[in-house]
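Single-structure report; data block below.
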Amino acid sequence: MAANKPSTSSIDVDGDTRHHVPSQSASPVDGRWAVVVVIAAFIGRAIVSMQSSSMPLLTVEWEKRLGVTPSQVSWASTLATSPRFLIAPVAGALNRKFGCRPIVFVGGFCAMTSILLLSMTNKLWQIFICSCLIGTSMGLVYQGTVIVVSVYFDKWLGRANGLAYSGVGMGIMAGSPLMALLIEVFTWRGALLIMAGLVANLSVTAAVYRPLTWWSKRKKDTKGRNAPRPLTNDYLEDEDAVDGKIEIILNLPADSSMNSFEHGETVELQPLVSVVDPAHTGDPLQVVRHGPDDTVIYPDVQSEIAIPKMDRKEDIQPRESIEEFQTKTSLQHDNNTKSKRNSCQYCAVKCRQFINDVLDLFGFNLLWKNSNVLLLCLIATFQGGGYFPSYVYLPSYIVSSGVSELRASFIFTILGLCSLVGRLTHGFLLDFKLITPTKLYGLTSVLAGCSLYIIVTFGTYPAFVVYAIIFGLSTGAQIPLCPVLTKKYTAPSELASAFGLQSFFTGISQLLGTYLLGLLFDWTSDYRSCFCLTGALLCIAGVIGFLIDPWIRWRHRLDEEIGDGI
């Protein structure tokens, strides 16, 4: 027996019959298209990570071909990675203004073009410029892939973020071997041409990042903001709908002379709309084809709105004192405006207004407007200063401990695999409410920091293996939690700017952390002091993560006490 389908025909006030799509449709949030979006985000982050992880192999080739020192050419790898985080506030503002789809598309196209230019370089400064362009373009792509997943998922956000961030682990594991093979077969210039082709797929993935407004427009019966709302058959079948009426009198005056007053004439207007309570009526719906003087009656309203005719009065002269006052005030206003524009105070006010507009555009105003964003940025600063520098100095520390380069590379394989496992599994802990995001973030940060003290204390190969397992699982679960926390503690309109600020402070701490650890090693000549510092930074980030929820509860309780006192 077939189920009764909802009727789609409707009648407007002119008596025309139209057909409409039923209004009940599945929401795109946590829906089937959201799965397509998260797969595209997975591919996008895998390509971004693949490109960044292949840069160290290119620096070795440039060192041989261009005859430069390792310290000089190492900046190429840094410039290809750090702008990805430093550009985050700008990328967040662009994503908020134009949406994720066009920004990711443009970022992918610019990244492809920059890699093509990099394949034709012959000078070190050219490599630096192209590397900076690559990092900036990848920042636009990376920021968009993070934001779009947070927009399309709500209930299953933790699991979706884990799946999308697992693309980073896949890219890290595949980037270096693939680039080594391409360099061996096609030289470094040919390898970059092939890499440019792979990066071009970022623009393809952007095609599925439909904005949520696209879905709402799809549900509308007609295009345009002023389309008339129809009266559906379902509305006619509702017995409770006919309960009162609205009576709109359409016989407004059509006197063309109303627009041609002479000086001194005024018009006295009666109240434009009067509302009265009509008697209850049970008459059915009546749709009357109306002319200029007819009445249209609608059900389901308890009031009667009547628009009366306007009366025109003449021979009422305005007061001369008011006219003279307006003339004097106008002259004084012009003189005051000219003098103010030439004053230093006016310039200072305009400069301050411009600075505030720029801060609002890139989201920096959230640092003092939303204390939650300030805490998240503080966590990102400590996390970035402890996470990235430990990767930079880990290979040298392992080799200096007497481990061969082949066995040292196996440590990074374990790190990548465990990071992938952490990214894939942490979402289940959140979705099944086994632990809160803040507690999981604090726990993983503390574990990652403590794992660094294992290799500082022992320094043997088994200790490095244990470190790789703990650090990989912890950081694999920790990094995808950043957008989860951002969505939890910020408004939807602040999501792009808040995450952009976190990425910006992460990039700053990565640059400063790497530089300061280099100075610390030059001073102590011991890698253990460097890893002690990075471990402490990660532990501090974890402690702040544990304190977010108590801080918010204390602030709400304080606001309630202040409100009760007032």
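The values are calculated or read from the model by the stated rules, or taken from the named source; none is laboratory data. None of the values given here were measured: they were computed from a predicted structure. Cβ coordinates were reconstructed from backbone atoms using ideal geometry, including for glycine residues, and neighbour counts include every protein chain displayed.
Structure values in brief
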{"read-out": "When residues of the stretch 68-83 are limited to those that are part of a helix (DSSP H, G or I) and in contact with a Gly (Cβ under 8 Å, 6 or more places away or on another chain), the one modelled with the lowest pLDDT", "value": "Leu79"}
{"read-out": "Selection status of Ser10, under 31 Å from the mean Cα position of the chain (by Cα), farther than 30 Å from Asn122 by Cα and modelled with pLDDT under 50", "value": "no"}
{"read-out": "Output for the stretch 365-411, where each listed residue is part of a helix (DSSP H, G or I), among the β-branched types (Val, Ile, Thr) and touching a Phe, Trp or Tyr at 6+ places or on another chain (Cβ under 7 Å)", "value": "Thr381, Ile398, Ile411"}
{"read-out": "The listed residue being hydroxyl-bearing (Ser, Thr, Tyr), surrounded by fewer than 24 Cβ atoms within 10 Å (Cβ to Cβ) and assigned to a helix (DSSP H, G or I), out of Tyr515, Tyr467", "value": "Tyr515"}
{"read-out": "Extreme residue, farthest from the chain's Cα centre (by Cα), among residues of the stretch 536-566 that are at pLDDT 85 or above and of a type in the set (Gly, Ala, Ser)", "value": "Ala536"}
{"read-out": "Scan of the stretch 85-130 for residues that are within 10 Å of Gly144 (Cβ to Cβ) and small (Gly, Ala, Ser), ordered by number", "value": "Ala91, Gly92, Gly99, Gly107, Gly108"}
{"read-out": "Scope the stretch 155-211; condition surrounded by fewer than 16 Cβ atoms within 10 Å (Cβ to Cβ), over 18 Å from Met138 (Cα atoms) and among the small types (Gly, Ala, Ser); matching residues", "value": "Ala180, Gly190"}
{"read-out": "Those residues of the stretch 82-110 which are surrounded by fewer than 24 Cβ atoms within 10 Å (Cβ to Cβ) and polar (S, T, N, Q), in sequence order", "value": "Ser82"}
{"read-out": "Residue in the stretch 489-497 that is among the β-branched types (Val, Ile, Thr), within 25 Å of Thr444 (Cβ to Cβ) and not in a helix (DSSP H, G or I) present", "value": "yes"}
{"read-out": "Whichever residue in the stretch 395-418 is surrounded by 16 or more Cβ atoms within 10 Å (Cβ to Cβ) and over 18 Å from Ser53 (Cα atoms) and, among such residues, is modelled with the lowest pLDDT", "value": "Val403"}
